[in-house]
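K.L.:
Could you have a look at this structure, given as structure tokens, before my questions?
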Amino acid sequence: MKKIAVIDYGIGNIYSVTKALNKFTNDWVVTEDPSVIEDASAIILPGVGAFHAGMKGLKARKLTQPLKKFAQSGKPVLGICLGAQILLSKGYEFGEYEGLGIIEGSTVPFPKLKEGTKIPHIGWNAVYGDKWKDTILDNIEKDEDMYFVHSFILDPENEEDIFTLSEYGGHEFVSAIKKGNVYGLQFHPEKSAEYGLSIIKNFVELAQNNPSNA
């Protein structure tokens, strides 16, 4: 069976992601090898840290084009936290940097928030939306809490790519994006208890049952 490829680009929360995967499958591999990525059933792009450092890690390993090609294959892609942010076209953390451009849009700072609101946004927060049927969030209740750690937010160019929303400091922000087979979650499902793990489980099942892997 083809494996889920967890991308190692030198800046990821790989241990927590693979620990979550292990609850549902042994068919995964941590890799930075383009040929392994090409043959995978799905890919997970984890990440913590700055946008430019993430892109630097991908470029150093010559992974940008393999990831773009994989996203066009129809097979499932899951970006988590920084991994979701770099799916977008640009990032504005410590300057302006090019992203993967798999989903059109930018990673931008939070706007001015209520007085006393702390950045980074760390902790549990509700996610909500109305496009979850037949997706990896299919069995998640609206306003279910997920775990966040971030200072920048997703700003997709197209409204149809908005997957979930959340609120922080009086500002509604995009907490997940989706375009076809590509998901980007600003929150950490692997750290979000039972419901978060169910998202990982659903992604594993999507990878196993996806027609593109036939």
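The values are calculated or read from the model by the stated rules, or taken from the named source; none is laboratory data. As the structure is a computational prediction, the values presented were derived from the model and not from experiment. Note: ideal-geometry Cβ built from the backbone for every residue, glycine included; neighbour counts use all protein chains shown. Areas reflect the complete protein model, heavy atoms only, side chains present, ligands, DNA and RNA absent. Shrake-Rupley method; radii C 1.70, N 1.55, O 1.52, S 1.80 Å.
K.L.:
Set the bar at 32 Å for Cα to Cα. Now go through Lys23/Lys178; Lys75/Lys114; Lys62/Lys131 and name every pair that lies beyond it.
P.N.:
With Cα atoms farther than 32 Å apart: Lys75/Lys114; Lys62/Lys131.
K.L.:
Let me ask something else about it. What's the Kirkwood radius of the chain in Å, using all Cα pairs?
P.N.:
16.9
K.L.:
Would you please give the residues with an amide H less than 5 Å from that of Phe163, counting only those at least 5 places away or on a separate chain, with H modeled from the backbone geometry?
P.N.:
Ala176, Ile177, Lys178
K.L.:
For a quick check of understanding: with a 1.4 angstrom probe and all protein chains in place, what accessible area in square angstrom does Trp132 have, to the nearest ten?
P.N.:
Counting only protein heavy atoms, Trp132 exposes about 20 Å² to solvent.
K.L.:
How much length is gained on full extension from Glu172 to Lys69, taking 0.36 nm per residue of separation minus their Cα-Cα distance?
P.N.:
Taking Glu172 through Lys69 to full extension adds about 33.8 nm, to one decimal.
K.L.:
FRET efficiency for Glu98 and Ala126, Cβ-Cβ distance as r, R0 = 25 Å, nearest 0.05?
P.N.:
It comes out at approximately 0.20.
K.L.:
Using the Karplus curve 6.51 cos²θ - 1.76 cosθ + 1.60 with θ = phi - 60°, what ³J(HN,Hα) values do you get for each residue of region 129-143, in whole Hz, with x for Gly and Pro?
P.N.:
x, 10, 10, 8, 4, 6, 10, 6, 9, 4, 9, 8, 6, 4, 6
K.L.:
Express in whole angstrom the spacing between the alpha-carbon centres of region 44-75 and region 154-214.
P.N.:
17
K.L.:
While we're on this one: Using a probe of 1.4 angstrom, how much of the accessible area of the chain is carbon and sulfur, in percent?
P.N.:
49
K.L.:
Further question on the same structure: Given the -39500 (n - 2.57) contribution per DSSP H run of 4+ residues, what per-residue ellipticity at 222 nm results for the chain, rounded to the nearest 500 deg cm²/dmol?
P.N.:
Only helices count here, giving -7000 deg cm²/dmol.
K.L.:
Sorted by mean Cβ packing within 10 Å, highest first, what order do the peptides 181-189, 137-145 take?
P.N.:
Per-residue Cβ counts within 10 Å, averaged per peptide and sorted highest first, yield 181-189, 137-145.
K.L.:
Work out from phi, with θ = phi - 60° and the Karplus expression 6.51 cos²θ - 1.76 cosθ + 1.60, the ³J(HN,Hα) of each residue of region 175-184, listed in order in whole Hz, and give x for Gly and Pro.
P.N.:
9, 7, 10, 8, 9, x, 7, 9, 10, x
K.L.:
Per residue, how much accessible area does region 151-214 have with a 1.4 Å probe, in Å²?
P.N.:
41
K.L.:
Could you give the accessible area per residue of region 84-148, probe 1.4 Å, as a whole number in Å²?
P.N.:
56
K.L.:
I've got another one for you. Please list 3J(HN,Hα) in residue order for region 76-81, calculated via the Karplus relation 6.51 cos²θ - 1.76 cosθ + 1.60 where θ = phi - 60°; whole Hz, with x for glycine and proline.
P.N.:
Coupling constants for region 76-81: x, 10, 10, x, 10, 6 Hz.
K.L.:
Pop a pseudo-label 7 angstrom from the Cα along the beta-carbon direction at both Asn139 and Tyr195 and give the gap in nm to one decimal.
P.N.:
It works out to 1.4 nm between the two label points.
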